[in-house]
Amino acid sequence: MRAIDIIIKKRDGLELTKEEIEFFIHGFTEGTVDNYQASALTMAIYFRGMTDLEATYLTESILHSGDVLDLSAIHGVKVDKHSTGGVGDKTSLVVGPLVASLGVKFAKMSGRGLGHTGGTLDKLEAIPGYNISICEEDFVRQVNSIGIALVGQTGQLAPADKKLYALRDVTGTVESIPLIASSIMSKKLASGADAICLDVKVGSGAFMKNVEDATKLATLMVNIGKNCGKDMTAILTNMDEPLGLAVGNSLEVIEAINTLNGNGPKDFTDLCLEVAAHLVLSAKKASTLDEAKKLLLEQIENKKALETLAALVEAQGGDKAYILNPEMFPKANYTFEVKAQADGYISHIDALAIGNAAMMLGAGRSKIGDAIDHSVGIVLNKKVNDKVCRGETLAILHANKEDVVEEEQLLLEAFCISKSQVDSQLILKIIK
Ligand code: URA
């Protein structure tokens, strides 16, 4: 077999076989297929697309380029969730403890944030002492004993994806639905769960800017997961504004704690309940979505879910006093209020701009390895469809520097104010 024949076949719009895809990805991982050939193939895939079966073979080839976690020693159905990346998305911090408190095994590896999107690992590290690197053995033991572990990557998961993504990033092929789907699913499948709930974001702050493309991506990822024997759900959710009110690491952990105390923002609470309910259904702990949501709400009211978060933090070396007394989190030195310049209703809040402003304050990284300031960020005071009067506070910046002129300007431009309310819906579609 030759790499060039595989490139030509895809260039001409023909369907690749399992053997051809395996040959190409194996060679690329080993270095016998060169970067320029992989770039040519990804560009051909960008223009020609892939069938569901080709995308499944591509996912499996990338998945088997590295370690695959063996979670068979964990009793019961193991569940996992994934978000395609949002602003203010602290869902894992709430969904994990919620489902684990009902006896559903939540075994999750998370990533770091880059650019305008935050990462769960950075949020967890805002909790003093929290250790994200535990070995596979301890990971399995912890999920068996307390029902949950939230860690960074152990071992070498999907190294071919890392190499391929770096190429796509500089050759204009990031925005290809089969390439995105196989990239995300290879890492998810390598993490070993039986049931996966995907939160596919749609809107200005997301990879997928419209429902049509997000539906294609979600359907393909669900089909790839099912072809690999997993129980799959994808939820399409609106990213035309940040999720919840808080953006920034400690601020988001505090919002997650408030949510587990029953005092979270409505959109964030609703999304957590939706994702958690699908996982509870997959684990067969309830027979309808409504029953699952009712059980989950009880775990908030009786504080069992909050206790599970505290147990998770303690098990991973963190100080659980911060979970029970969130006022202990260090605060930024300065706060600045951004005020509305017109009367009306909030019609849109550009999540990308809010994420960028938070990054400029130090809550995120502009390049891999940048240090993070856990205490800084933004708290929204208004959400889409809220009434606003000129001079009212739209958002509060939490900063550790005195000059925030650029961030204030970004925030001001992020809020659109119109004369009337708009149609806005958080959960756009469920694909199973
Ligand atoms: N996230 C990933 O992990 N891969 C992509 O290709 C896009 C988003």
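The values are calculated or read from the model by the stated rules, or taken from the named source; none is laboratory data. All values reported here derive from a predicted model rather than from experimental measurement. Using ideal geometry, Cβ is built from the backbone for each residue, glycine included, and neighbour counts are taken over all protein chains shown.
Evaluate the following for Met43: is it buried (at least 21 other Cβ atoms within 10 Å of the Cβ), more than 30 Å from Val140 (Cβ to Cβ) and under 27 Å from the mean Cα position of the chain (by Cα)? No. Do we have any residue at all in region 179-187 that's in contact with a helix residue (DSSP H, G or I) (Cβ under 8 Å, 6 or more places away or on another chain) and surrounded by fewer than 16 Cβ atoms within 10 Å (Cβ to Cβ)? Among the residues of region 179-187, not one is in contact with a helix residue (DSSP H, G or I) (Cβ under 8 Å, 6 or more places away or on another chain) and surrounded by fewer than 16 Cβ atoms within 10 Å (Cβ to Cβ), which makes the answer no. For region 192-213: of the residues being modelled with pLDDT of 90 or more, surrounded by fewer than 22 Cβ atoms within 10 Å (Cβ to Cβ) and not hydrophobic (A, V, I, L, M, F, W, C), which is nearest to the ligand (Cβ to nearest atom)? Once the filter is applied, the top-ranked residue is Asp213.
Glu337 satisfies every condition listed in (1) surrounded by fewer than 18 Cβ atoms within 10 Å (Cβ to Cβ); (2) closer than 20 Å to Asp89 by Cα; (3) touching a Ser or Thr at 6+ places or on another chain (Cβ under 7 Å) except (2).
A Cβ distance below 9 Å, combined with a sequence gap of six or more or placement on separate chains, defines the contacts here; from region 171-194, residues that are on the phi > 0 side of the Ramachandran plot reach residues that are more than 9 Å from the ligand (Cβ to nearest atom) and not in a loop (DSSP other than H, G, I, E, B) in the pairs Gly172/Met43; Gly172/Tyr46; Gly192/Lys78; Gly192/Asp80; Gly192/Ala107. Those helices (runs of 4 or more DSSP H) of region 268-369 in which 2 or more residues are modelled with pLDDT under 95 and touching a helix residue (DSSP H, G or I) at 6+ places or on another chain (Cβ under 9 Å) occupy 351-361. Collect the residues in region 164-178 that are of a type outside the set (Gly, Ala, Ser), in contact with a helix residue (DSSP H, G or I) (Cβ under 8 Å, 6 or more places away or on another chain) and within 12 Å of the ligand (Cβ to nearest atom), keeping them in residue-number order. Within region 164-178, Leu164, Tyr165, Leu167, Arg168, Thr173, Val174, Glu175, Ile177, Pro178 meet the criteria. Looking at the structure I just gave you, is Asp161 touching a residue at least 12 places away in the same chain (Cβ under 8 Å), of a type in the set (D, E, K, R), under 23 Å from Ala55 (Cα atoms) and within 13 Å of the ligand (Cβ to nearest atom)? It is true that Asp161 is touching a residue at least 12 places away in the same chain (Cβ under 8 Å), of a type in the set (D, E, K, R), under 23 Å from Ala55 (Cα atoms) and within 13 Å of the ligand (Cβ to nearest atom).
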